[in-house]
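**Student:** Dropping a structure here in structure tokens format, bear with me for questions.
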Amino acid sequence: MKKIYVVGIGPGEEGKITFQAQKALEESQVIAGYTVYVDLLKERFPKKRMISTPMKQEAKRCQTAFLEADKDQIVSMVCSGDPGVYGMAGLMLEIGKDYPHIPVEIVPGVTAATAGAAVLGAPLIHDFAVISLSDLLTPWEKIEKRLLAAAAADFVICIYNPSSKKRKDYLQKACDLILKYQRETTVCGVVSHIGREGEKALIMTLGQLREQETDMFTTVFIGNSQTKEINGKMVTPRGYEI
């Protein structure tokens, strides 16, 4: 049988992998993905063939998955979080145009926005925007416009990929843009290593967030004008009567 699952494995913790994702992985003969995510599954699925590629080899990874499936195999292309949120779902469907005889099924997962929000409390109860600060595939000028538009519209903003070794000051730059519309006292939160060993969460103001050190394993939550801290939790009211 030829088939490909594009599977979201959530943050990587076993308890945050959905039953549907678990079933897809069990059915597959081959598990493919970015090296870090494949390594998370090796102990759980020791008898599966594992194929991985490093960063910046996404197209090669997807092409390999289709070539393996074309050998009458079921293949799972795994992504952290949800494959449709900064994941491989889109690229797999694009490359799949050349393999119309191989069905592709997208299996959703728990993305960092919702997993991190649960750790902090309830920051995403009202309208929110999700923006990545990585300019590897998106020009910084476009990221700036999105940040300014979201801040001006008073969205809660969830930031993926806030900084890296090459982008140490990107979160600081993002905060400076958002401060054009939001107060320094705006409630914010950060969660690192969500659902994994070393998970850590902090709540702070937007002014403090500007000086906070983060990395690619950190998800940032910037509140809107109504977001507050309640008993150590970050909460954005929905507007229900109490």
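**Student:** Which percent, to the nearest 5, of DSSP beta bridges fully inside the chain are antiparallel?
**Tutor:** That works out to approximately 40 percent antiparallel.
**Student:** For Tyr181, Tyr240, Tyr160, Tyr37, what's the largest-to-smallest order of accessible area, 1.4 Å probe?
**Tutor:** Of Tyr181, Tyr240, Tyr160, Tyr37, the descending order of accessible area is Tyr240, Tyr181, Tyr37, Tyr160.
**Student:** Do any trypsin sites (Lys or Arg not before Pro) in region 1-91 lie in a loop, going by DSSP, with at most 16 other beta-carbon atoms within 10 Å of their beta carbon, and if so which?
**Tutor:** Lys2, Lys42, Arg44, Lys47, Lys56, Lys71
**Student:** List, in the order given, every pair from Lys142/Lys166; Lys47/Lys97; Lys145/Lys228; Lys48/Lys200 whose Cα-Cα distance in the structure shown is over 24 Å.
**Tutor:** Lys47/Lys97; Lys145/Lys228; Lys48/Lys200
**Student:** OK, next. Of the residues Gln73, Gln182, Gln212, which exhibits the maximal mean-square fluctuation in a Gaussian network model of the chain defined by a 10 Å Cα contact cut-off?
**Tutor:** So, out of Gln73, Gln182, Gln212, the one fluctuating most is Gln212.
**Student:** Here's something else I'd like to know. Please give me, ordered by residue number, the GluC sites (Glu not before Pro) of region 145-242 that lie in loop per DSSP and have at most 12 other Cβ atoms within 10 Å.
**Tutor:** When the GluC sites (Glu not before Pro) of region 145-242 are filtered for loop state and at most 12 Cβ neighbours within 10 Å, Glu184, Glu197, Glu211, Glu213, Glu241 remain.
**Student:** Please label the shape of region 158-242 as rounded, prolate or oblate, based on the square roots a ≥ b ≥ c of the eigenvalues of the alpha-carbon gyration tensor (a/c under 1.5 means rounded; beyond that, a/b larger than b/c means prolate, else oblate).
**Tutor:** Taking the square roots of the gyration eigenvalues as a ≥ b ≥ c, region 158-242 is oblate.
**Student:** From largest accessible area down, sort Met216, Met1; use a 1.4 Å probe on the protein chains.
**Tutor:** Per-residue accessible area, sorted high to low, gives Met1, Met216.
**Student:** Let me ask another. With a ≥ b ≥ c taken as the square roots of the eigenvalues of the C-alpha gyration tensor of region 82-125, please select rounded if a/c is under 1.5 and otherwise prolate if a/b is larger than b/c or oblate if it is not?
**Tutor:** Prolate is the answer for region 82-125, as a/c is 1.5 or above and a/b outweighs b/c.
**Student:** How large is ³J(HN,Hα), in whole Hz, for each residue of region 219-235 in order, when computed from phi with the Karplus curve 6.51 cos²θ - 1.76 cosθ + 1.60 and θ = phi - 60°, using x for Gly and Pro?
**Tutor:** 10, 10, 10, 10, x, 9, 5, 9, 5, 9, 9, 10, 6, x, 10, 8, 10
**Student:** Let me ask something additional. From the phi of every residue in region 96-107, what ³J(HN,Hα) in whole Hz does the Karplus formula 6.51 cos²θ - 1.76 cosθ + 1.60 yield, where θ is phi - 60° and glycine or proline is x?
**Tutor:** Working through the residues one at a time gives x, 4, 7, 10, x, 7, 10, x, 10, 10, 8, 10 Hz.
**Student:** Now for a different question. Got a sec? What order do His101, His126 fall in by accessible area at 1.4 Å, biggest, i.e. largest, first?
**Tutor:** The ranking, largest first, comes out as His101, His126.
**Student:** To continue, here is another question. Between Val36 and Met50, what is the label-point separation in nm under the 7 Å Cα-to-beta-carbon projection?
**Tutor:** Here the modelled spin labels are 1.6 nm apart.
**Student:** Considering only Thr18, Thr219, Thr35, give the residue with the highest GNM mean-square fluctuation for the chain, with springs between Cα atoms whenever their separation is below 10 Å.
**Tutor:** Between Thr18, Thr219, Thr35, it is Thr35 that shows the largest mean-square fluctuation.
**Student:** Below 8 Å, C-alpha to C-alpha, sequence gap of six or more: please give me the relative contact order for the chain in percent.
**Tutor:** Once normalised by length, the contact order is 20 percent.
**Student:** Helix by helix, which DSSP H runs in the chain go 15 Å or more along their axis at the Cα atoms and have an average Kyte-Doolittle hydropathy of -1.0 or more?
**Tutor:** Both cut-offs are met by 58-69, 140-152.
**Student:** Could you give me D for the chain, from Stokes-Einstein at 4 °C and 1.567 mPa s, where the hydrodynamic radius is the Kirkwood radius over C-alpha pairs? Units µm² s⁻¹, please.
**Tutor:** 68 µm²/s
The values are calculated or read from the model by the stated rules, or taken from the named source; none is laboratory data. In this text, all values refer to a predicted model and were calculated from it rather than measured experimentally. Because the Cβ atoms are built from the backbone with ideal geometry, glycine has one as well, and the counts that use them run over all protein chains shown. Accessible surface areas use protein heavy atoms only, side chains included; no ligands, DNA or RNA. Shrake-Rupley method; radii C 1.70, N 1.55, O 1.52, S 1.80 Å.
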